[in-house]
Amino acid sequence: MGSSHDLPSHNNCCSQETGKREQLVMSRLTAHNANLRCLMWQRRLSLVDWRIKVIVARLAQLGEGTLGDCDITRVKRQAQIRLLDLRDVGGQQFHFDGESWDWELTLVHELLHLHISDCFHRGWPGAKSEAGMAAERMIDALARALLAGYRK
Ligand SMILES: [Zn+2]
C-alpha cells in the first residue's frame, strides 16, 4: 500500500510495572549499556534492519507514569527509544515499593513495538483504544516471556 505515514510516538502507553519480584543483577542504566543491550535484542528479535538509538531521559521529558517510549519512523526503519533515568524511578507514581525497575523489560517492550508498528500503518491506535490496549497486553506478555526465557 505504500503508506507514507509514520507512526507518532506512543507516549504514555508504556507505563508497565515490573510486577514480579525478579531479583536481577542488572547492569546500570546508562545510554551506553542500553544501546549495547538493544543491539543484542535486535539480533534476537530479528530487528537488525532497524537503526535504533536508545537514550536515557528524565521524568519531565517522558511524562508522569512513563518508564519508556519509542518514536518510530517506520518507513525509514528508524527509531529512538527513551528509557527513564534511574534518578527518577522509585516515586509513588510507579508503585514499585522499593523494587528495582527492570529497564531491560521496558527496552524489549519498546522493541516489540517496532514489529507491531507494521500492523498500524496509519498510526498507533492510541493507548486507550481497544486495539491499542490489546497490542499493549500482547507486547507486555511477550516481553516478559522472552526475558524469562533468556534468563533461565
Ligand atoms: Zn507500549
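The values are calculated or read from the model by the stated rules, or taken from the named source; none is laboratory data. No experiment lies behind these values; they were computed from the predicted model shown. As a convention, Cβ positions derive from the backbone with ideal geometry for all residues, glycine included, and neighbour counts pool all protein chains shown.
Worth a mention:
- Test: residue in the stretch 94-113 that is assigned to a strand (DSSP E or B) and either at pLDDT 95 or above or among the hydrophobic types (A, V, I, L, M, F, W, C) (or both): no
- Every condition in (1) in contact with a helix residue (DSSP H, G or I) (Cβ under 6 Å, 6 or more places away or on another chain); (2) in a helix (DSSP H, G or I); (3) surrounded by fewer than 13 Cβ atoms within 10 Å (Cβ to Cβ) is met by TRP41 except one, and the failing one is (3).
- Selection status of THR66, within 16 Å of the ligand (Cβ to nearest atom), of a type in the set (S, T, N, Q) and not in a helix (DSSP H, G or I): yes
- Every residue from the stretch 116-133 that is part of a helix (DSSP H, G or I), within 12 Å of the ligand (Cβ to nearest atom) and over 18 Å from VAL75 (Cβ atoms): GLY132, MET133
- Filter result (modelled with pLDDT under 95 and within 20 Å of ILE139 (Cβ to Cβ)) within the stretch 46-68: LEU62, GLY63, GLY65, THR66, LEU67, GLY68
- Residues in the stretch 122-149 that are touching a helix residue (DSSP H, G or I) at 6+ places or on another chain (Cβ under 8 Å), modelled with pLDDT under 90 and not aliphatic (A, V, I, L, M): TRP124, PRO125, GLY126.
- Residue within the stretch 97-113 that is within 14 Å of the ligand (Cβ to nearest atom), of a type outside the set (Lys, Arg) and over 21 Å from ARG28 (Cα atoms) present: yes
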